[in-house]
1. Among what's in the range 143-153 and is buried (at least 22 other Cβ atoms within 10 Å of the Cβ) and either in contact with a Phe, Trp or Tyr (Cβ under 8 Å, 6 or more places away or on another chain) or modelled with pLDDT under 90 (or both), pick the residue that is farthest from Arg44 (Cα to Cα).
2. Of the numbered conditions (1) of a type in the set (Gly, Ala, Ser); (2) at pLDDT below 85; (3) surrounded by 21 or more Cβ atoms within 10 Å (Cβ to Cβ), Ala75 fails exactly one; give the number of that condition.
3. Just to verify a result, which residue in the range 111-135, among those that are farther than 16 Å from Met21 by Cα and among the hydrophobic types (A, V, I, L, M, F, W, C), is surrounded by the fewest Cβ atoms within 10 Å (Cβ to Cβ)?
4. Got at least one residue in the range 84-106 being modelled with pLDDT of 75 or more, buried (at least 19 other Cβ atoms within 10 Å of the Cβ) and within 17 Å of the chain's Cα centre (by Cα)?
5. Which condition does Thr33 not pass, out of (1) hydroxyl-bearing (Ser, Thr, Tyr); (2) under 12 Å from the mean Cα position of the chain (by Cα); (3) at pLDDT 85 or above, if it passes all the others?
6. Does the range 157-164 include one or more residues that are surrounded by fewer than 16 Cβ atoms within 10 Å (Cβ to Cβ), at pLDDT 90 or above and among the hydrophobic types (A, V, I, L, M, F, W, C)?
7. Name the residues in the range 107-127 that are over 9 Å from the mean Cα position of the chain (by Cα) and not small (Gly, Ala, Ser), would you?
Amino acid sequence: MEHIDYFLATYGYLAIFVLLMLGIVGPFIPDDTILVLSGVAVHRGQLDMVTTIAVAYAGSLCGISLSYALGRTGAVYVLRRIDAVDRWMSRCLPEVERWFERYGKWTLFFGYFIAGVRHFTALAAGVGNVRPRTFALYAFPGGFVWVASFISIGYFLGQEWEQIRHRFDRGALIAAGVVAAAGLFGWWLRRKHRGV
């Protein structure tokens, strides 16, 4: 986390854009943490809130659009010839496909909030030939809500972030975020199902 904090402090908006674009395409970059740390930087006065949200949103849109294009054009099958990529996709892609079967296109909207799912929603949509307009209608607003939410968390945590960071390891924070997002998603689905 210290490395990400240093990278953000050194390269600012460029770091946010590039890290989020790459973070959406693959799970090797902790994009939730990047957003929270960006919010902390805004709280410290190092970055501007509106510009940070705009740059982070642009990075996430580029990343998710690239993933969609890889799935839609079939380039994903070429990438699967790389053993590490194939293992990663074999482990995660079937779960995302089950999400699509169960929740439909709303997976594109809510998938951002669930680590592991967010990296494959666009890829699965591309492979499943979801129309570009439909993809944009669900994925793009979801990206904005995700970016704005996590940057706001960092902003409002501000000074407390350092204490929280020392008390909990990254895994515990991510697990708490996933549980909270899954709980909200489950609550929303129940309300929708009951017609409330």
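The values are calculated or read from the model by the stated rules, or taken from the named source; none is laboratory data. None of these values were measured; they are calculated from a predicted model. Here the Cβ is made from the backbone with ideal geometry for all residues, glycine too, and neighbour counts use every protein chain on show.
1. Taking the candidates together, the pick is Gly143.
2. Unmet for Ala75, out of (1) of a type in the set (Gly, Ala, Ser); (2) at pLDDT below 85; (3) surrounded by 21 or more Cβ atoms within 10 Å (Cβ to Cβ): (3).
3. Result: Ile114.
4. Checked the range 84-106: no residue is modelled with pLDDT of 75 or more, buried (at least 19 other Cβ atoms within 10 Å of the Cβ) and within 17 Å of the chain's Cα centre (by Cα).
5. Here Thr33 meets the rest and fails (3).
6. No, the conditions are met nowhere in the range 157-164.
7. Thr107, Leu108, Phe109, Phe110, Phe120, Thr121, Leu123, Val127
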